[in-house]
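A.B. asks: Input: one structure, supplied below.
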Amino acid sequence: MITLVCGVGPAPGSETVKLFLAIPLMLLALLFAASGVAAVTRGWVLPMNRRHVRNPRLYGWGQLVGAFALCWQVVFGLIISDPGARAWGTLTGGVVLVVGLIVMMVGQLAGGSRQSNGAS
């Protein structure tokens, strides 16, 4: 049942608001994971990131860790109702997200097997 506040939209804190947040975040994590799988398996990186990434496979692993962390935070932040588990779960998800970002940064900085285009 949708409860209306001032006659517009779902009530804050209701299950409907949680779905409005959880579904787009899970779709974003799925896209992020698909990009990571493409980088790990084929070495393919999105065109806007190609210039910066030196090691596509390591960068892809960072994307996969980041996608996992985003899913972890959605589950513990929106679905789990126990306050103690929610706090520790979102904290753990935040730490895992930072680890994924660090791995992605190392993938950008690490000298991989990129070849120059021949121009000196």
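Nothing in this text is a laboratory measurement; each read-out follows from the coordinates by a stated rule. Nothing here was measured: the structure is a model prediction, and the numbers come from that model. So basically every Cβ, Gly included, is an ideal-geometry build from the backbone, and we count neighbours across all protein chains shown.
A.B. asks: Under a point-charge model restricted to the Cβ atoms of Lys and Arg (+1) and Asp and Glu (-1), what is the dipole moment magnitude of the range 9-113 relative to its Cα centre, in debye to the nearest 20? Walk me through the numbers on the way to the answer.
C.D. replies: Details: 7 positive and 2 negative charges, 101 e Å.
The calculation lands at about 480 debye.
A.B. asks: Sorting check: for 67-75, 93-101, 51-59, 16-24, which peptide has the highest mean count of neighbouring beta carbons within 10 Å, and how do the rest follow?
C.D. replies: 67-75, 51-59, 93-101, 16-24
A.B. asks: Give the Kirkwood hydrodynamic radius (Å, one decimal) of the range 21-120, defined as one over the mean of 1/r across all pairs of different Cα atoms. If you can, show how the numbers build up before the last one.
C.D. replies: Working: mean 1/r = 0.0696 Å⁻¹.
Evaluated on the range 21-120, it is 14.4 Å.
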